[in-house]
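The values are calculated or read from the model by the stated rules, or taken from the named source; none is laboratory data. Remember, it's a predicted structure, so these values are computed and weren't measured experimentally. What goes into the accessible areas is simple: the full protein's heavy atoms, side chains included, and nothing from ligands, DNA or RNA. Shrake-Rupley method; radii C 1.70, N 1.55, O 1.52, S 1.80 Å.
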Amino acid sequence: MKTLLEAHAHIPLVVRWAWHAFKGERSLSLPSAAKPIESYIHYVTEETWEHPETPCPTPRQYAEDLLRDLTDREARSPQARKILDDLRGYMHKLTDPECDPLLALCDEVLGAAKNAYSMHGVDPPSDLGLNIRALPLAEPPTHCFFPDCCVDAEISPGCPEACCRSTSQHAQTLTVKVAPAMFDSVTLAALPYILFHECVSHALQGPYLPSREVPGNYSLFAEGWMDWAAWEVFQSTNTTLFRYASNGTFYELGGRTAYEGRHNPKVKHRLSAAQQRADGWEAAFNVFKCLQQELRVGNPHATLLRLSFLWNASDTSRTSRDTAAYIFCSVLRYDKADRRHRSAEILIAALKRFADGAELDDLLAAVEEVRRLMLP
Ligand SMILES: [Zn+2]
Ligand SMILES: [Zn+2]
């Protein structure tokens, strides 16, 4: 089976994944005997990553050799032997010769994202033409919002690989950038949410044409508003989907740290990407509050998700989406009700009509009306 990463990157990743998934499930009850086991796993996998010229056994064989070495090293500790017995199952799953866990996770998240769109009445095309690939990094990626995390992901148009030289089968590529020799529990815990953001906001962005515009880091709609939607989809997805761990809160807490970090502009200046993401997120949050508290619609989550998916799948331009998000952020004020713009009533009435079944275009026309009123 071909894996996204070649052997000297793939093996450190999956072996560390097995360890951190195991630890994530047991963290509160693991004895001190776990420490030397973790150090040895980190040491051995780092060596593998740093010596790509040394031939690798299969992942399954590598895991078995490693467990045998660990058993020999820890022969005198019953606690350590118990840990190794329990770890074996995780190692076994993550080194399944029929399954690349990284590819499987990407596929599962994409499937969950498509499913969420369909459940809210927005059907993406059956084939998004998505190529999935991974880039191994020697150093962690530079996140402005989440410095401890050693994985990042992005969607870009087209396909940089040989598969498309004659076939053009891929309209877009999801690239997972990961530092295999630094893959730790913080990174594993954040990974599903990071992929949800890419799939819910970017992979499923319309229009589904080669001419689709790629939003930048500063996009209020793609990076802020749609991140609210990505978080909702992530949270409503049963974490048993992620087969290789874990207790109920492991991915939830890891995802939350990354999610909240993305919308925390405290240390940034007014026009930074972080501030734009925060404003876009606040726009979605304002609409949610309006639906829930002012309009008292039956299911504000479902209404806002339907709106977000319809809008993201539509052929509206990137600029119009960002402008509209800016308007929802600055007009529907819940932080300072006395600063609410007088044209808020126009938006609230349009949201009421949307919740009652009106088309997206009706809401966007109301936004346009407000935009003209706000022009100096
Ligand atoms: Zn391709
Ligand atoms: Zn993004």
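Among H197, H170, H20, the residue with the largest mean-square fluctuation in a Gaussian network model of the chain, with springs joining Cα atoms closer than 10 Å, is H170. Ligands, DNA and RNA left out, the 1.4 Å accessible surface of the stretch 129-195 is 51% carbon and sulfur atoms. Its relative contact order, with pairs defined as Cα atoms under 8 Å and 6+ residues apart, puts the stretch 70-194 at 23 percent.
Mean residue ellipticity, 222 nm, helices only, the chain: the sum of -39500 (n - 2.57) across DSSP H runs of n ≥ 4, divided by residue count and rounded to 500, is -17000 deg cm²/dmol.
In the context of the full protein assembly, W281 retains an accessible surface of approximately 70 Å², using a probe radius of 1.4 Å and ignoring ligands and nucleic acids.
Close amide H contacts of L135 (hydrogens built in the peptide plane, cut-off under 5 Å, sequence separation of 5 or more or a different chain): V176, K177, V178. Bridges between two residues of the chain, per DSSP, are antiparallel at a rate of about 50%. The phi-based Karplus calculation (6.51 cos²θ - 1.76 cosθ + 1.60; θ = phi - 60°) puts the 3J(HN,Hα) values of the stretch 47-60 at 4, 4, 4, 7, 10, x, 6, 7, x, 9, x, 5, x, 5 Hz, whole numbers, x for Gly and Pro. Per residue, the accessible area of the stretch 31-71 comes to 55 Å², computed with a 1.4 Å probe over protein heavy atoms only. Under a 10 Å cutoff between Cα atoms, tell me which one of G158, G121, G357 has the largest fluctuation in the Gaussian network model of the chain. For the chain, modelled as a Gaussian network with Cα springs under 10 Å, the answer is G357. For the chain, a Gaussian network of Cα nodes joined below 10 Å ranks E74, E139, E98 by mean-square fluctuation, and the top entry is E98.
Taking 25 °C and 0.890 mPa s as the conditions, I'd like the Stokes-Einstein D for the stretch 1-117 in µm²/s, using the Kirkwood hydrodynamic radius from alpha carbon pairs. Numbers along the way, then the final one.
Details: Rh = 15.2 Å.
The calculation lands on 162 µm²/s.
Determine the share of the stretch 7-99's accessible area contributed by carbon and sulfur atoms, expressed in whole percent, with a 1.4 angstrom probe.
Exposed carbon and sulfur together represent 51 percent of the surface.
Each residue of the chain gets 153 Å³ once the volume of the Cα convex hull is shared out per residue. What would the Debye equation give as log₁₀ I(q)/I(0) for the stretch 270-376 at q = 0.16, 0.17 Å⁻¹, counting only Cα atoms as equal point scatterers? Rounded to two decimals, the profile gives -0.68, -0.77.
When K289, K352 are compared by accessible area at a 1.4 angstrom probe, the order from most to least is K352, K289.
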